[in-house]
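The values are calculated or read from the model by the stated rules, or taken from the named source; none is laboratory data. Since this is a predicted model, take the numbers as computed values, not measurements. Every residue, glycine as well, gets a Cβ built from its backbone with ideal geometry; the counts of neighbours run over all protein chains shown.
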Amino acid sequence: MVHAKPLRMQGRNLNFVFSVPLCEDKTKMDFIDTGFNNAFINMAIDEVLLSSIVPVLRLYQWKPCAVSIGRYQDLDDIDLDYCTENSIDVVRRITGGKAVLHEKELTYSFIIDKDEMPRSIIESYKIISSAIIQGLRTLGLNPEMNSSKVENRDNPVCFQEQSFNELTINRKKFVGSAQVRRNGKLLQHGSILTGINTEKHSSCFKEKPATDDLRERITYIDIPEEKLKSAIKQGFSVYFNTGLNEISLSNRELTEVNELARMKYKPEDWRYGVQSSLPKAYI
């Protein structure tokens, strides 16, 4: 598997992206690391954090591994029998985009008032990708933003295609992101690959993408977990010119998370894209 290791810095001009001080108060961004959770809890936490008053950067991971599908994606794209047999959860996101196998990765989510960001999805991707680049360059990596269009919008596999301003190394994708704007907020979350099992990735889909093709299109970064987390935190802090206030979920938020996971994200109806059986508050 081709993967990226840190480049030696040795005085190289890394062309850091200029920071954009969206947050004037130096402590006006919260940070939360929620560690490992199942797919339903992870998606519920992101939704609960949409009610945050100040911007929030969240880092998290998945256990057991899971496939998440886009808000409007057809569940028939996924081989549910394979996922069930291999204890892989399947969850529908509230964000758009395509399906991702969450296994060897660090996931980020970023919530901010939508009025603080450009109206253009492409331009807002660029800002958030720039913050990630800012952090990864402290590790000696030199990621780039993709500047070309999606090749095949019918392809159900997120990491098999590249969209505007997604991150690549040597033209291979290693970060896949999705976004939603709701109730005055913008939520973008994405997977930063730290490894990949291409055979398992392919097997999660009914129309199995060729593993050789996945290897040609996807890479990952070989960075220890804590170093990567620290770099992402630093990138957002520097790029947005703000301090990070470390928080944890309140008891009220934890109650909301557990209820959302149980009532919305875990039931079959949401997974199949059926809203009619959901209480209005969960749609």
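Brief remarks follow.
- Summed over the stretch 45-60, the residues that are over 16 Å from the mean Cα position of the chain (by Cα) and among the aromatic types (F, W, Y) give a count of 0.
- Filtered by the rule that a residue be surrounded by fewer than 23 Cβ atoms within 10 Å (Cβ to Cβ) and assigned to a loop (DSSP other than H, G, I, E, B), the stretch 91-115 gives I94, T95, G96, G97, K98, E103, K104.
- Residues of the stretch 201-227 satisfying the condition of being under 17 Å from the mean Cα position of the chain (by Cα), in a helix (DSSP H, G or I) and crowded, with 19+ Cβ neighbours inside 10 Å: H201
- Candidates T168, T138, filtered to the one that is at negative phi, in contact with a Gly (Cβ under 8 Å, 6 or more places away or on another chain) and surrounded by fewer than 22 Cβ atoms within 10 Å (Cβ to Cβ): T138
- The sole residue among S129, S87, S147 that is at pLDDT 95 or above and out of contact with any Pro (no Cβ under 6 Å at 6 or more places or on another chain) is S129.
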